[in-house]
1. Which of rounded, prolate or oblate describes the stretch A:57-114 when judged by the alpha-carbon gyration tensor and an a/c cut-off of 1.5?
2. Restricting to bridges with both residues inside the protein assembly as shown, how much of the DSSP beta-bridge set is antiparallel, in percent to the nearest 5?
3. What order, most packed first, do the peptides D:364-370, D:183-189 have when packing is the mean number of other Cβ atoms within 10 Å of each residue?
4. Can you give the FRET efficiency to the nearest 0.05 for residue D:200 and residue C:279, using r as the Cβ-Cβ distance and R₀ = 30 Å?
5. Using C-alpha positions alone, give me the convex hull volume of chain D per residue in cubic angstrom.
6. Could I have the simple spin-label model distance between residue A:101 and residue C:14, label points 7 Å from Cα toward Cβ, reported in nm to one decimal?
7. Using a cut-off of 17 Å between alpha-carbon atoms, which lysines can reach residue A:107, once sequence neighbours fewer than 8 places away in the same chain are excluded?
8. Separation between the residue A:64 and residue A:28 pseudo-spin-labels, each 7 Å from Cα along Cα→Cβ, expressed in nm?
Amino acid sequence: MVAILIFVVVFLGALVALVVVTFLFAPRRPSEIKERRFESGGPPYGPVQRRLLMQYFGYIYLVTVVEAAVGLALVAVLTAQPSAPMLYLAIALLLAAVLIVVLRYFKVLNDIRRWS
Amino acid sequence: MKTLVSQAVARLARWGTKWSLWPPHLVTACCGVEIGHIFGSVYDAERFGMLPMGSLRQSNIIIIEGTITLKMAKFVKYVYEQMPEPKYVIAMGACAIKGGVFYGSYHMVPASKVVPVHAYVSGCPPTPEAVLKAVSKVQEQIGHAEN
Amino acid sequence: MDLPFSGDLIAALVFPGVLGIFGFLVVAIWLERKLVARVQWRYGPLYVSKPLGGLLQPVADLLKLVFSELVLPRHTNRLFFAAAPILLFFAEGLPVVFIAAAPGVVMAPHPYGLAIAVVLVLLVAVLVVAMAWTEADKFTYVGAVREILLTAAYEVPLLLAALAMFILYGTADPYGVVEAQSNLWGAVLNPLAFVAYLVALLMATTRFPFEIPEAEPEVVLGPYTEYGSTLFIYAFGANYVKLYVLALLGSVLFLGGWLPAGGLAGVFITLVKMLVFVLPAMLVRAIYPRYRIDQALRIGWGKLLALSVAAVALSLVWRLLR
Amino acid sequence: MQRTEWPFNLEVGNTFFVESEEELRGGRRGLTLVVGPQHPGSGHMRLFVVLDGDMIVDVVPDPGFVHRGIEKLAENRPYWTVLPLVEKASIMDSMNIMYPLVLALEKALGLEPPPRAKYLRTIMAELTRIRTHLYDMALLGIFLGHSTAFMWGFALMDLYAEVFAKITGTRTTIAYPVPGGVRRDVKPEHVEAIRRLLEVSRRKLKDFKTLFLDNPVTRARLEGVGTLDVKRVTELGVVGPFARASGVDYDVRKIHPYDAYSEVDFEVVTEKAGDAWARTWVRWREIHVSMSIVEQLLKNLPGGDVIDEALLFKNPEYRREGVGGVLGVYTYMYPEPGEYMAVTEATRGATLVHLWTTGTQRIYRMRFVTPSWRNLHAMVEAMKGHRLADMPAVYMSFGYFPPEADR
């Protein structure tokens, strides 16, 4: 426990210390232009917050489903009694289900025009 | 004591800056071809610690590659203003010095009218050796800079 | 533990702790630049310290960045802007707490240590997105979305590869995992999981065929565009820390960790085994261009998923045979 | 003309012609990405890329960052000093880009280069063509993220630069042809150097192909991207290898052969697909065609003078030296009044020079049409409807070189 504390303190301390060094020793000449947004070497142009890259977001829905299943399997494997054949059968079935879900929607997800 | 520390820090900073000159990707005109050669395998500016960077936020040296037109000058100035301190400029090519073959054109500005220049390189386009020489000149300037 | 020193302190401060992370940052960046330069018929960094072959180049870059002006853009929340890369770098380094580099050299021995480490690695993508969001820039914005999507592509295969190994060993304890490999390495027992892990590692650290969030010609530097100075070191170095963590995790999970040695020699053996993951990750830079994000997603959910599911199946078969 | 004050206001930040998004394109709701001029994915130009999610809806190019007024400058100086001026439009393609001007001036001055000069010009034109194709190939590599392709491409280009330096004295802006001949004769060791160069580059190009063009990732990035069919290509007026990649069988070298092109046997490379890969592949094959052209020409390289008899008349010493740096002989020569035109096939497509001369040593008006400018519109059209990541791939598959377009 002490080691973790030492690690966290030293690690974070080193990171913050470098920033402090920059703050103290680096030259500073703030100007209005310098603090503007980077826009390919020109002045800021247009608003930033716009539509998300929506076309591929189906994959994120897929992740939420599949990852939960995998996480469940992970927990089951780690906490179960060793060599429980029923567990392995369950995992195999789960993976088959995952594969079926992915195969079912893979074509839909690939066609990005459906998502726009 | 305080001056001693600040001197040591300044020396360290100068050493780091000297060996790590990162130009942003700002191509102003056709000398960009030779810039490609400078970063290519034969002349390999990475030996001197140069690394072309994408964004101006991390970079500290502008290599002005040839002619600056009126339209480009605004952007060169803007990029220079937006770059963090310390920053250096190398003006490359006859056009950046005084106009070169385009002297008298209605759409062309010498580099010194736009940004302060630390080193000039002559030639149309300059050979990569010449530009690397200018880089090492700038490195010397940084190394010998008064604190 | 029969070490003459306190193992957990070594782990916290030297390896795989603070010094290891920063040392890896310097050596890995230098090694990457030199290796790629060798493939490309040139020298790479050299004159900064000629006798050392330019090993001081990352140090010089670091010093330059530390002593260059810190710009905090006005349109952002400056506190978050400054804090985000620090937190990111820290969070990328956090999983090493649970990974053992040698018997006794671990900060927190835990029966589910490696599983926790895997989950911690996957959690960090949130911070990258948060960082990009605070920057409020078009390029970081696109980069952040790409980062989310790429995470979606590699998360499941990485988890499945880890799952395959946990099924094989029946434990997630670093000591137990290494012990289970005393006869045969995990990479030999389940090569499918190894390959899936390697590809997922390339994706997770945005190495080259999948260097999509920071694709230069499209989005400048992706999520790191707005950062300069020290904050750039953290934002950009975070990926190298992730590579370090994943290589360490992989060497314990697949290559038998510190075996056949123990004690201090084990640390060096782990270091050498990490190269198996680090070197390919650096050399792909010289070999491959980058995929598009949709192609990466298709690979992640197509071939890579199939591969990792097959890896789990192989593990199940092994387990039932035993 | 001497200027004391440069007529512009460096008020940073409010001197741009497009002020807001709505002005650009009627209030479309998309993310407008400004690509350039300080952007790794732009050359000396700016693109306003309107994104709808990941799809490119619209691209508005903003060229003119390297417009240096070559056409106007050409009116204000003696015609022989226009030669190096025109060359700066596309410096690694220098021989091809100044070729039409030289041919047009020859018509105006009534000069006819001797056969050796014709051969040498054609050899140099093909060598610069190889170099420019390599340049585009290398930049395509770095745009796709393949830094080794960039490095190897530039390493090969450097060999060409060294040979040019041997023959003409400069690496890049060679300014080799002059009206009525070439600037310097080649020596036997130069011929040997060119032969060795071709041999080496054949060998190294094989490696380049293995690593970059045969790379499955490269293929995946380029195939089916930015497709333009024959009809579209002809509508948009695309020229050069980019038109040939869609199946347009047109090459000025074949249709209106100039200099030594009528005496060599070469094929016009065409592809059917019209996508980014086809455009890359056409140029790759053209490199090999150019190599065979150079080899054929070197085999039959005739002897004799390298400049026209009419130029030798004033100073017989040039017979030995070539015109060299001494262009003074042109001060005695006046172009015939009239209009003269020449078209040649530069690396990126047909280049045209149209001269109006009034009998003085200044050209009254020079119209200079460069291929990149004509391909710009097609490039922008090809980007639309693709993904953001395809933008650099399409950009460099058109080999767009802004100084050439902006002149």
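The values are calculated or read from the model by the stated rules, or taken from the named source; none is laboratory data. All of these numbers come straight from a predicted model, not from anything done at the bench. Here Cβ is always computed from backbone atoms with ideal geometry, including for glycine, and neighbour counts include all displayed protein chains. The accessibility values were calculated without ligands, DNA or RNA, using every heavy atom of the protein model including side chains. Shrake-Rupley method; radii C 1.70, N 1.55, O 1.52, S 1.80 Å.
1. Judged from the Cα gyration tensor, the stretch A:57-114 comes out oblate (a/c at least 1.5, b/c at or above a/b).
2. Given both bridge residues lie in the protein assembly as shown, the antiparallel proportion sits at roughly 80 percent.
3. D:364-370, D:183-189
4. 0.45
5. So the per-residue hull volume is 149 Å³.
6. Computed distance between label sites residue A:101 and residue C:14 equals 4.7 nm.
7. List returned: C:303.
8. 4.4
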